[in-house]
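Each remark here refers to the structure printed beneath this line.
Every number here is computed from the coordinates shown, using simple stated rules; none is lab data. Model, not experiment: these values are computed from the prediction. All Cβ positions, even for glycine, are placed from backbone atoms using ideal geometry, and neighbour counts span all protein chains on display.
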Amino acid sequence: MGSMINYKRPDGQTVNAYLAKPKAIENAPAIVVIQEWWGLNEQIKAVADRLADAGYQALVPDLYRGKLALEENEANHLMNGLDFGDAAGQDIRGAVQYLKAQGSPKVGVTGFCMGGALTLLSSVFVPELDATVIWYGYPPLEYVDAMKISAPIMGHWAIQDDVFAIAGVDELEKKLSAFSVLFEFFRYDAKHAFANEEADSKNLAYLKHDAKAAELAWTRTMAFFKNHL
């Protein structure tokens, strides 16, 4: 459904990205989709395709610049090599600016795992975005300047998450509330990556797909984006 394109970051560098377009393209709202730590793989492209089927332009920036991880240690290495501030303030901001320049009146951001953490950072670093949906991921909370967040946030969190502890979500809620950020968080009795259909195939004890939780989270996500975009 989609194709590879490239766009410019605010600093002028070029980023490759996967773009999935809806049938009715004119003035369609758009969503930037942020990869898990595995990279720009077929699973995350399918998420963009799903959003395009629902009527959105969906753009997935290639944050790893062409590299993909199949194993946990490779993914960890690629994620640790990523400059999160640069990814949020340049790659993701450039993606939002590109979509607005293409005619999308409103642009949201959503991301999973590492991409969830980057989605939260983008709500701080990307003033042009209109709404964000975070899936089970947050950065070190000292990097979250809640005073700079103006767009509404939805968050989906896994109670049994061994990667991003649910206690950190409680702290994040306090921080956002203190600055009157508009947010809605949902907790699921599930493990990390519960919305990733390929989670079980990774053979990692802390990952587990949960179809029921994923369906509920997606229903909530689509209602949220319909409301705000």
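Things to note:
- Arranged from fewest to most other beta-carbon atoms within 10 Å of their beta carbon, Thr14, Thr221, Thr110 become Thr14, Thr221, Thr110.
- Here's how it looks for Ile31: its modeled amide H is under 5 Å from those of Gln57, Ala58, Leu59, Gly108, which are all 5 or more places away or on a different chain.
- Residue with peak Gaussian network fluctuation, the chain [Cα springs, cutoff 10 Å], from Arg187, Arg65, Arg93: Arg65
- Longest site-free stretch - the chain; sites: GluC sites (Glu not before Pro), DSSP loop, at most 16 other Cβ within 10 Å: 129-196
- Near the amide H of Asn196, within less than 5 Å, lie the amide hydrogens of Asp210, all on another chain or at least 5 residues away, with H placed in the peptide plane.
- Correct choice for semi-axes √(5λ) of the Cα gyration tensor in Å that was computed from the model, options (i) 27, 20, 17; (ii) 23, 20, 18; (iii) 34, 20, 15: (ii)
- Anchor Lys106: aspartates and glutamates whose Cα lies under 19 Å away (excluding residues fewer than 8 positions away in-chain): Glu26, Asp49, Asp53, Asp91, Glu128, Asp130
- Compared with the alpha-carbon gap, the fully stretched path from Asp145 to Asn6 is longer by 47.1 nm at 0.36 nm per residue.
- Table column - 3J(HN,Hα) (Hz), region 140-146, Karplus curve with 6.51, -1.76, 1.60, x for Gly and Pro: x, 5, 5, 8, 9, 8, 4
- In summary, the lysines within cross-link reach of Lys174, defined as a Cα separation below 16 angstrom excluding same-chain residues under 8 places away, comprise Lys148.
- R0 of 45 Å, Cβ-Cβ distance Glu71-Arg220: FRET efficiency to nearest 0.05: 0.90
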